[in-house]
Each structure stands twice: as C-alpha cells, then as structure tokens.
1. Please list, ordered by first then second residue, the pairs with beta carbon atoms under 9 Å, 6 or more apart or interchain, first in the range 155-184 and touching a residue at least 40 places away in the same chain (Cβ under 8 Å), second in a helix (DSSP H, G or I) and open to solvent by less than 30 Å² (accessible area, probe 1.4 Å).
2. Restricting to helices (runs of 4 or more DSSP H) lying wholly in the range 56-139: which have 1 or more residues that are closer than 23 Å to M155 by Cα, of a type in the set (D, E, K, R) and open to solvent by less than 70 Å² (accessible area, probe 1.4 Å)?
3. Among the residues of the range 73-130, write down those that are closer than 20 Å to I9 by Cβ and among the aromatic types (F, W, Y).
4. If you go through the range 44-55, how many residues are surrounded by fewer than 15 Cβ atoms within 10 Å (Cβ to Cβ), in contact (Cβ under 8 Å) with a residue 24 or more places away in the chain, in contact with a strand residue (DSSP E or B) (Cβ under 6 Å, 6 or more places away or on another chain) and not acidic (D, E)?
5. Within the range 154-187, how many residues turn out to be open to solvent by 70 Å² or more (accessible area, probe 1.4 Å), closer than 22 Å to L128 by Cα and aliphatic (A, V, I, L, M)?
6. Restricting to the range 1-43, name every residue that is surrounded by 12 or more Cβ atoms within 10 Å (Cβ to Cβ) and outside any helix (DSSP H, G or I).
7. Working only within the range 44-55, note down all residues that are of a type outside the set (G, A, S) and not in a helix (DSSP H, G or I).
Amino acid sequence: MGSEAHKSIKVNLDFGELKAEVPDLATKSASEQEIFLKSYLAEKYQGKGDTFDVLFNESHVQIVWGTPKNSLEADELNKEALSCARNKDLGKAIELWRRAIDLNPTDPDYHYNLGLALFEIKDYKKGLDRFLETVRICPPYYRAYFVLGSIYSKMRQFDKAELYLKLGLQLQRRNVSGLVNLGAVYSIENKIDEAIRAL
C-alpha cells in the first residue's frame, strides 16, 4: 500500500466517547469490543473506501480509510485545478475537477475542492451536492462536515447545521472553528447551556 498508489485518510476517535456512543460495548470483553467496534466503525465510516482499517490504542481508536490513486491523469488534473483556483480562474478549475472526478470518482479531495470552487462562484446547490458526495464517499472526511455545518447555518437550517458540526467534531474534537460555529448555532436555537459548553 504505497503512498504513490494509495490515498488514505486517518482519524483518531476517543475511546471513551465511543463507549458512550455504543452503550452495550461495556458488556463485552476486550476482544469482543475490538471485533464489535471494527464492524460498527466500518459500517459507519467506510463509505466507498476500498480499504478500511481500525487500530486500537489505550485512549483512542484510529480509523484508516483508503482508496487507490488509480489515475495519474486525474492527479495531474487536480494539481492543475488547484493552480487555476489559486489564480482565481475558477471556471477552468471547475472543468478540471469534473474531468478528474470522471477519471477517479472515489477521490474525496476532488469532490471537496469542486464544492469549494462552486461555492466561490455562488453555485450553492451544486456546491452543497459536492460536499454531501464527499462525505458519502469518505465519511471520515471531517473538513466537509464543518463546511456543511457552516452552509446550513447560513441557510438558517440550524438542525442540519448542528448535525453536521457534531459529526465533524466527533472526528476532530478540538476544531476551534467547529466548536465556535456549533456554539453559535446553539445560541440561535436558544440552547444556552450547550452554547456555553461548546464555546
């Protein structure tokens, strides 16, 4: 599984929080917990990943999501699209990311980057669809959850904003932006105690 031929996303989950999320876990032996958690986490986070692994530590569980980089051409298109986006040529960047996705539809970075570019040109519906596709393909892609939370907050769909921000924070607990945005959503929803805890 060389880095040139494979893309992986790694996320650490707090073991204590997982035990709270899965209440019947405490009734299982240590070996049963590992087997059960591997199955539970694969169902929740594998998405369209070709590989998925769960590694255990005393304090956390690491999930490793992977997909092959099956197209050098797609990687080159992505690099060119990033360059175009930096130079504010978003129309060209969007075209290049669409071509990269055609060649390698399971690379979450291409969908995420395309979503950002579509939002930049104010094509919100298509941008939102790209972020949703990103997390469908790669459920541990926490950056997309934070963007989705922010988008839904701006759309005043606070229940969805709260949902996606919480999903992102399950994957990256100390994300300051995610915590601040969740605190703001709680405040708007008049959930003052939750807002204080988030902030």
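1. As it stands, the answer is Q170/Y145; L171/Y45; L171/Y145; Q172/Y145; Q172/F146; Q172/G178, since those pairs meet every condition given.
2. Where helices (runs of 4 or more DSSP H) fall fully within the range 56-139 and carry at least 1 residues being closer than 23 Å to M155 by Cα, of a type in the set (D, E, K, R) and open to solvent by less than 70 Å² (accessible area, probe 1.4 Å), they are 124-137.
3. Listed by number, the residues that qualify are W97, Y110, Y112.
4. So the answer is 1.
5. Residues that pass the stated criteria total 3.
6. Those that are surrounded by 12 or more Cβ atoms within 10 Å (Cβ to Cβ) and outside any helix (DSSP H, G or I): H6, K7, S8, I9, K10, V11, N12, L13, D14, V22, K28.
7. Q46, K48, D50, T51, F52, D53, V54, L55
Every residue, every condition in (1) among the aromatic types (F, W, Y); (2) under 21 Å from R174 (Cα atoms), yes or no:
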site	(1), (2)
A42	no, no
Q46	no, no
F56	yes, yes
I63	no, yes
P68	no, no
G115	no, no
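The values are calculated or read from the model by the stated rules, or taken from the named source; none is laboratory data. As the structure is a prediction and not an experimental result, all values here were calculated from the model. In this analysis, Cβ positions are derived from the backbone assuming ideal geometry, glycine residues included, and neighbour counts consider all displayed protein chains. Side chains are part of the model used for accessible areas, which takes the heavy atoms of the whole protein and leaves out ligands, DNA and RNA. Shrake-Rupley method; radii C 1.70, N 1.55, O 1.52, S 1.80 Å.
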